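A.B. asks: First, the structure itself, so that you have it in front of you.
The values are calculated or read from the model by the stated rules, or taken from the named source; none is laboratory data. None of these values were measured; they are calculated from a predicted model. With ideal geometry, Cβ positions are generated from the backbone for all residues, glycine too; neighbour counts draw on all protein chains shown.
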Amino acid sequence: MDAWTHLRRFAALATLVSLAACGGGGGGGAADTKGNGKLSFKVAITEPDITTVPILAALDDLRGQGHDVKVVELAEPELSIEGLAKGDYALSAEATSAALLAVERKAPIKIIADAIGNQWAVYGKPGISSCDQLDGNPFGIFSEGATATAMVKEWVKANCSSGKRPKYLTIGGSDVRAQALVSGRIDATALEVSDVVALESKGGRFAKIADFAESLPDLRPQTVYANSGFIKEHKDVTQALVTALVRQHTKINADPRYLVQLAAKYLPDEDGADMTKVAERYVQARLFDAAALTEKNVQGTIEFFVRAGVIKKGMSAKDAADLTFVQAAR
């Protein structure tokens, strides 16, 4: 299923659940009080990977404080949005575009922390170093509606000479596009850190052409967001969670081996050697910083998705996010 299909389903679900949540913020079912200020609540996660292990570690920290936290793994990301807006889950960490679309439909959701920085970059065949060199050449994309594709097209618009642009070829998953790059089927594509490490481990030859963390510094593609009723009713627990996540990220940035340890615990089936290399790259790029959200980059993220056609103009950072928790955790 392509990204636009997901977003259309997000929109339909958000509209329905916002009607059910009107007046109460949807927070009533998100948590049960255990007594002594302790809570029992659920967190929705879709396909856990290295970007989510710090969140899982932070949730373990909350369990250590006496809270009962259940992690629910869902098959489809729109299910987390639906459950979050209805109050079935207290929080989730997925694509920011989904949260913004739900907020636009008046769903009771607020972004409260950053999950991972922008790890996307454009990679091409050896010898390619500029956008103009890709003019008319095959450029692999996941789909027309993918966030990475929107980043690519914005980069092309800003960096290619007038009238020059690559020929987009829809291929699909990152692993397939990565293989298409090294086999010569395409001249360039956008990849994440883990994809690049996997290619390098197999002896693939390619060059980095552009880094979206540099060209789009105010875009936060993946964030932590919560049911707005939950964070209003349980500010102390929400603060404890965000603070725990900030501390987990601080530990990771101090020593990549700590991220490797977390991955071994929460992703036991992943290859240890590749995970060590991926962890080192994440730390070098300072991709983990839960407190990185500011009014400026939240607004910049909103404006990016307006340009991409995901949401309409008019949303403010205050509509989409509650930054008080990351501000207090810094």
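A.B. asks: Kindly indicate the residue of segment 108-148 that is of a type in the set (D, E, K, R) and in contact with a Phe, Trp or Tyr (Cβ under 9 Å, 6 or more places away or on another chain) and also surrounded by the most Cβ atoms within 10 Å (Cβ to Cβ) among those meeting that condition.
C.D. replies: By that ranking, first place goes to Asp114.
A.B. asks: Hey, another quick one. Can you tell me which residues in segment 92-110 are in contact with a Leu (Cβ under 7 Å, 6 or more places away or on another chain), within 22 Å of Leu59 (Cα to Cα) and of a type in the set (A, V, I, L, M)?
C.D. replies: Selection gives Ile109 alone.
A.B. asks: Further question: Within the group Ala279, Ala226, Ala285, which residue is among the small types (Gly, Ala, Ser), modelled with pLDDT under 95 and buried (at least 23 other Cβ atoms within 10 Å of the Cβ)?
C.D. replies: The match here is Ala279.
A.B. asks: Another question about this same structure. The conditions are (1) buried (at least 23 other Cβ atoms within 10 Å of the Cβ); (2) modelled with pLDDT of 95 or more, and Lys296 fails exactly one of them. Which is it?
C.D. replies: (1)
A.B. asks: Could you list all residues from segment 154-177 that are hydrophobic (A, V, I, L, M, F, W, C), without any contact (Cβ under 8 Å) to a residue 40 or more places away in the chain and either in the same structural domain as Arg307 (by TED's automatic domain parsing) or in contact with a Phe, Trp or Tyr (Cβ under 8 Å, 6 or more places away or on another chain) (or both)?
C.D. replies: Leu169, Ile171
A.B. asks: Go through (1) over 30 Å from Ala291 (Cβ atoms); (2) at pLDDT below 95 and name the single condition Thr189 misses.
C.D. replies: (2)
Here is a yes/no grid of residues against (1) crowded, with 16+ Cβ neighbours inside 10 Å; (2) touching a strand residue (DSSP E or B) at 6+ places or on another chain (Cβ under 9 Å); (3) of a type outside the set (Ser, Thr, Tyr):
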position	(1), (2), (3)
Leu169	yes, yes, yes
Gly173	no, no, yes
Val176	no, yes, yes
Ser183	no, no, no
Phe212	yes, yes, yes
Pro221	yes, yes, yes
Ile231	yes, yes, yes
